[in-house]
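Just below is one structure, and these are the notes that go with it.
The values are calculated or read from the model by the stated rules, or taken from the named source; none is laboratory data. Remember, it's a predicted structure, so these values are computed and weren't measured experimentally. Neighbour counts run over all protein chains shown; Cβ positions are idealised from the backbone, glycine included. The accessibility values were calculated without ligands, DNA or RNA, using every heavy atom of the protein model including side chains. Shrake-Rupley method; radii C 1.70, N 1.55, O 1.52, S 1.80 Å.
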Amino acid sequence: MEISHVSHEHPLTLCMTEDKDVGEPCNGCSKPIFDLGYVCYDCGFLLHKNCAKLPPKVHHRLHPKHPLTLHFDSSETFECSVCNETGSGFAFLCGKCQFIMDVTCFLRNQPYLDLPPLEGKTRKLQHFSHDHTLTLCYITQQSERNCEGCEQQISGPAYCCKDCDKLTLHKSCAQWPSQVEHPFHPAHSLTLFTESPYPAGTARCDACRKTIRGFVYHCDKCSFDLDLVCASLTPSLKHEKHDHLLTFFEKIYDQVSCDSCGKPCRNNLYRCVSCKFNVHSTCVPFPITVEHRHHPHSLTLEDSIAGEHSSGICCASCEKKISPKARAYYCAECCYGVHPECVVPEEQPDRAPTRRGKGPRKDRSNRRSAEPGQRGGTDEDTSMRRKLFQHT
């Protein structure tokens, strides 16, 4: 994934550090990057993924009088008005007084950030589950807030209630409609509930078998339930022993038997939820090599990439992490990897769930990954960064 950032003249590419024990210092906050970061292959400029998302202008609760503007000058140092420590890199400045704040203090004292209004668009949402109006904000990772809808931690755009602070939802979770038709349960439509539809107990997801404590899609006729994480999944893989497309699950919360080898499985498996057909990912007859439309070289199926990348790498198609113990299509020359299920579906028709109601559809557009080998610095520092960071 490649972006342009206001603080730098060259494009930045999303990469994962190879050495988690050492890390590389971020040019924005000066702290080491131990996992994902944006790197410039022309000059070695680095940013944390979250530092790259900092807003150019924002109101902050520690300086409510005036807005703060994001400033960067690599040749300057400054003294933070909050912690009184000398810093370098990004700083938030007040144009009307001498107030200046480093990134660490900015994020530590701002659990969420108000996003600036866009012309012709609203930052407000009236969600059917809540009495108050929700405001679109930017949740920082330091806030450690979980989404009330999917129960996952939020880091990025989210809708928050500023009146009671009792509801926070991922932007995507807030946009799920009241009713969907889903391939996991093709017989009937599913209705969205904000809590368990069962008066006497909790709901359990029929896809991953996890107890649902957030929002749930429910079929009243069949007592079928889906959590929001599984509702976002789409069947994508055709198996020779089954008529329906299968869906990849990293983990399910029940022990099931593989319909290919007969052994127990609960991690890295493909499932047909409606038929309860299960198969280990290692039992799926994937081709040994494939051509990927976003990469110039053939990719080889590896049972594990732990020897090359002990901490895993990011899939170049979906941008999610590939576990070092999971199978992956991999180009060793370019350190380029793709989930098997992200390669195979490209030649198959779109089988996304059909949404009903007034909620907008999720953006399902393909995001093209940057091709490796197009940029490279010549100095020693850039060469070292190339060794520590690998393409996603």
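The figures follow:
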read-out: Förster-model FRET efficiency, 41 Å R0, A200 and T69, C-beta, rounded to 0.05; value: 0.15
read-out: Solvent-accessible surface (1.4 angstrom probe) belonging to K171, in square angstrom, nearest 10; value: 80 Å²
read-out: Most to least accessible of E2, E144 (protein chains only, probe 1.4 Å); value: E144, E2
read-out: Hull-based mean projected area of region 170-292, where the convex hull spans the alpha carbons, in square nanometres; value: 9.0 nm²
read-out: Three-way shape call for region 222-336 based on the alpha-carbon gyration tensor, with the a/c threshold at 1.5; value: prolate
read-out: Residue-level accessible surface for E24, protein heavy atoms, 1.4 Å, Å²; value: 20 Å²
read-out: Value of Rg/Rh across region 245-304 [Cα atoms, Kirkwood radius]; value: 1.06
read-out: Region 17-77 - Rg over Rh from alpha carbon coordinates, Kirkwood radius; value: 1.05
read-out: Alpha-carbon centroid distance for the pair region 238-286 / region 189-225, whole angstrom; value: 22 Å
read-out: Distance violations [Cα-Cα > 20 Å] among K263/K325; K210/K241; K162/K210; K171/K320; K124/K166; K210/K251; value: K210/K241; K162/K210
read-out: Estimated FRET transfer efficiency (D303, E333; beta-carbon r; R0 22 Å; 0.05); value: 0.70
read-out: Overall form of region 153-196 per C-alpha gyration tensor (a/c, 1.5; a/b vs b/c); value: prolate
read-out: Hull shadow area, averaged, region 172-235 [alpha-carbon convex hull, nm²]; value: 4.1 nm²
